[in-house]
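The values are calculated or read from the model by the stated rules, or taken from the named source; none is laboratory data. Since this is a predicted model, take the numbers as computed values, not measurements. Cβ placement follows ideal geometry from the backbone for every residue including glycine, while neighbour counts extend to all protein chains displayed.
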Amino acid sequence: MSKLVPKRQHVVKKDSTTRQRSSAGDAFSVLAIIVLQLAGHLTTAGDALTKPLGQTSARWQVLAAAGHAKMSVAEIARTLGITRQGVQRIADLLETDGLARYEENPDHLRAKHLVLTARGREVLAAIRAKQSLWANALGADIGERDLRSAGPILERALAALKAREPGNI
């Protein structure tokens, strides 16, 4: 036995605050893993759909948000559930590429609205056309009824996740 390791070691006792997952906790964990895998595949597919138009999934998300309504970078970030800094970086690139521009925001002096240019609207329309064909094929493969029943469950999971931060347990 090494001189560095004592001959007798203490037994590691199980912390009384350590709990096993319930069956509902197990079910949520399985769902979370599937959703994470799905998100990864959706990003990859989105990148493939948008690449011929010189875009990425991330740029598409910001284009779509800016095309939906006048929003600031922070509002887009909250809507997409990603960091403001990440959206800011992409928004600045979209502006540089002539796909978006910043406009004054009457509700805030510094947080300008990100709006699409005519070219940005054209690119977004082209992406949406490609996505429609892809979504129609996947929808047919999976089935509308199953997809419609999954939506409310995922919405409830998202709402519960937003309401219960891991640090607040």
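Can you confirm whether L93 is under 26 Å from E155 (Cβ atoms), in a helix (DSSP H, G or I), modelled with pLDDT of 95 or more and out of contact with any His (no Cβ under 9 Å at 6 or more places or on another chain)? Full working, then the answer.
Details: under 26 Å from E155 (Cβ atoms): no; in a helix (DSSP H, G or I): yes; modelled with pLDDT of 95 or more: yes; out of contact with any His (no Cβ under 9 Å at 6 or more places or on another chain): yes.
In short, no.
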*Please tell me if G25 is part of a helix (DSSP H, G or I), closer than 23 Å to E155 by Cα and at pLDDT below 95.*
yes
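Provide a single number: the residues in the stretch 76-105 that are over 19 Å from K130 (Cα atoms) and surrounded by 20 or more Cβ atoms within 10 Å (Cβ to Cβ).
Summing the residues that are over 19 Å from K130 (Cα atoms) and surrounded by 20 or more Cβ atoms within 10 Å (Cβ to Cβ) in the stretch 76-105 gives 7.
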_Quick check on the stretch 100-121. Is at least one of its residues part of a helix (DSSP H, G or I) and hydrophobic (A, V, I, L, M, F, W, C)?_
yes
*Do you know which of the residues in the stretch 56-75 that are outside any helix (DSSP H, G or I) and of a type outside the set (G, A, S) is surrounded by the most Cβ atoms within 10 Å (Cβ to Cβ)?*
M71
*Among all residue pairs at least 6 apart or on different chains, which show Cβ distances below 7 Å where the first residue, located in the stretch 21-45, is closer than 25 Å to L138 by Cβ and in contact (Cβ under 8 Å) with a residue 12 or more places away in the chain and the second is assigned to a helix (DSSP H, G or I) and not aromatic (F, W, Y)?*
L31/A157; T43/S57
_Among the residues that make up the stretch 123-138, is at least one of them in contact with a Gly (Cβ under 7 Å, 6 or more places away or on another chain), at pLDDT 95 or above, surrounded by 14 or more Cβ atoms within 10 Å (Cβ to Cβ) and within 15 Å of T50 (Cβ to Cβ)?_
yes
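Residue check: is I153 closer than 30 Å to A27 by Cβ and part of a loop (DSSP other than H, G, I, E, B)?
Numbers: closer than 30 Å to A27 by Cβ: yes; part of a loop (DSSP other than H, G, I, E, B): no.
Considered against the rule, which asks whether it is closer than 30 Å to A27 by Cβ and part of a loop (DSSP other than H, G, I, E, B), I153 comes out as no.
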